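The values are calculated or read from the model by the stated rules, or taken from the named source; none is laboratory data. All of these numbers come straight from a predicted model, not from anything done at the bench. In this analysis, Cβ positions are derived from the backbone assuming ideal geometry, glycine residues included, and neighbour counts consider all displayed protein chains.
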Amino acid sequence: MKVLAVASEAYPLIKTGGLADAVGALPKALAAQGVQVTTLLPQYRAVGAAFAKGRVVLDLPDLFGRPARILESPGAPGMMALDAPHLFDRPGGPYAAPGGGEWGDTAIRFAALGRAGALLAQAMRADVLHAHDWQAGLAPAYLRFAPRRIPCLFTIHNMAYQGKFPAAVFPALGLPDAAFAREGLEYYGAIGFLKAGLWFADAINTVSPSYAEEILTPEGGMGLDGLLRGRAGDLHGILNGLDVTDWDPARDAALAATFSADDPAPRAANKAALQARFGLAVDAAAPLFAFVGRLAWQKGADLLLEAAPVLMQGGAQLALLGSGDAPLEHACRGFAAAHEGRAGAFIGFDEGLARLAYGGADMLVVPSRFEPCGLAQLAALRYGAVPVVARTGGLADTVIDASPMALAAACATGIQVAAGRADALAAGFRRALALYRDAPTWRGMQGRGMATDVSWGPSAARYAAVLERLASRHG
Ligand code: GLC
């Protein structure tokens, strides 16, 4: 079976968040299921080098006013790039101009991605088109009005990003007038790219079973819960995994010392290295908590800072790693400055340092207000940092709370707290500190976490089943 995936980012070519990890890793896992995935990305300036010796797969003489091409290259196996310089050959990140702020033609840039995806799917006779997030949301719309019927799967990585644009953009999209309707891409009087994807796709999934339920509620659905409830029969929740060959503590070059579930003792060297990097007292006995993530409301770093005095009073240390909203960056720096030697902040994105945190911290805190899946807690489990997580979305699905029952049954792998509440997080910290002092129980949790299967294996099989069903329904 041939699948064309369409997305705005994919690791290792271009990454701003977890979307790239999922889009990058799923094809490898699906290959083992006999599903062959090609992924179409925009050729941003940063992606150009990988396609410099590219071969033209498809010419698009007029893609929103200028010629464009789709390229493949030996330098980027499994990938294709939409070479449309008028839209993508620009400085800055995939979405933002240098210095922040969106480009004025964002709607057209990603409409072009969707349109190119639909045309490519036709040309290569794909069995299924797999669109990821709002940036690929128009691919199913264009495909619906294309000559050859190709079924679509749409994957929601985050409902909070909806790709909403003024209705005035509609005529430029080149879709039939009938598409601007409630039964189409009209969304509260405007145009919704995510709405379009959800409406026109033949099946929908999101990245964890719990999030698949949460988005059916007004709170989690953020305006689209009604549509999703109407499509509940076509909606699946399939957990993301980790690429466990890339994320392997026995071979990870970013660690100060490699280790495995059978022999976690070398983690001590990573803990010492992490303490040194964050300006913390190098102290093997101090419980070391870490946070790794975007400093954004969703991720709850503000809740963490509100609850963090409990950690300081309990003799623990805190390493904060991330970047994002300026007030949160400021607050993290401030907390670190006020607790010298006990708390440290690194403002920025540093994948190697993140890996050292997973492989050296005693606990990883993931206090998200909502979390469709989450990657950090999976890495933490595999790298032996016991996760302290908010009970929401994929966090709820991947960490087993150390309740009295779970401790008695020896199945706990971490700590869950109610989402969105600093007091609940503080109580979770107290529980974590008490468990840390009980060394045998602690080692049991850590060992079970490291032995947990966080790979893509089981989920790839579920994706394959959904894709096969789609392909045969329309074949
Ligand atoms: C988004 C979500 C995150 C998920 C990732 C990959 O970044 O916020 O929870 O893990 O997509 O699906």
Expected output for the range 22-42 (first residue closer than 17 Å to Met124 by Cβ, partner among the polar types (S, T, N, Q) and outside any helix (DSSP H, G or I), Cβ below 9 Å, 6+ apart or cross-chain) is Pro27/Gln36; Pro27/Thr38; Pro27/Thr39; Leu30/Gln36; Leu41/Ser8
If I ask for residues that are within 16 Å of the ligand (Cβ to nearest atom) and more than 22 Å from Phe110 (Cβ to Cβ), which ones from the range 10-57 would you list? Ala25, Lys28, Ala29, Leu30
All-but-one check, Ser455 against (1) under 24 Å from Asp252 (Cα atoms); (2) crowded, with 24+ Cβ neighbours inside 10 Å; (3) polar (S, T, N, Q), failing number (2)
Tell me which helices (runs of 4 or more DSSP H) are completely within the range 284-382 and hold 3 or more residues being closer than 18 Å to Pro249 by Cβ and away from the ligand (no atom under 15 Å from the Cβ), or say none if there are none. 351-360
Every residue from the range 160-205 that is within 16 Å of the ligand (Cβ to nearest atom) and out of contact with any strand residue (DSSP E or B) (no Cβ under 8 Å at 6 or more places or on another chain): Ala160, Tyr161
Name the strands (runs of 3 or more DSSP E) wholly within the range 43-94 that hold at least 1 residues that are under 22 Å from the mean Cα position of the chain (by Cα) and touching a residue at least 12 places away in the same chain (Cβ under 8 Å)? 79-83
Regarding Ala410, is this residue farther than 15 Å from Gly293 by Cβ and part of a helix (DSSP H, G or I)? no
Residues in the range 441-453: is at least one assigned to a strand (DSSP E or B), assigned by TED's automatic domain parsing to the domain that holds Pro287 and either under 21 Å from Val292 (Cα atoms) or in contact with a strand residue (DSSP E or B) (Cβ under 7 Å, 6 or more places away or on another chain) (or both)? no
Residue satisfying all of: in the range 258-269; within 27 Å of the chain's Cα centre (by Cα) and either charged (D, E, K, R) or assigned to a loop (DSSP other than H, G, I, E, B) (or both); farthest from Gly444 (Cα to Cα) among these: Thr258
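Here's the yes/no breakdown for (1) assigned by TED's automatic domain parsing to the domain that holds Ala29; (2) within 22 Å of Ala29 (Cβ to Cβ):
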{"position": "Leu216", "(1), (2)": "yes, no"}
{"position": "Glu219", "(1), (2)": "yes, no"}
{"position": "Met222", "(1), (2)": "yes, no"}
{"position": "Ala232", "(1), (2)": "yes, no"}
{"position": "Trp247", "(1), (2)": "no, yes"}
{"position": "Asp252", "(1), (2)": "no, yes"}
{"position": "Ala256", "(1), (2)": "no, no"}
{"position": "Ala261", "(1), (2)": "no, yes"}
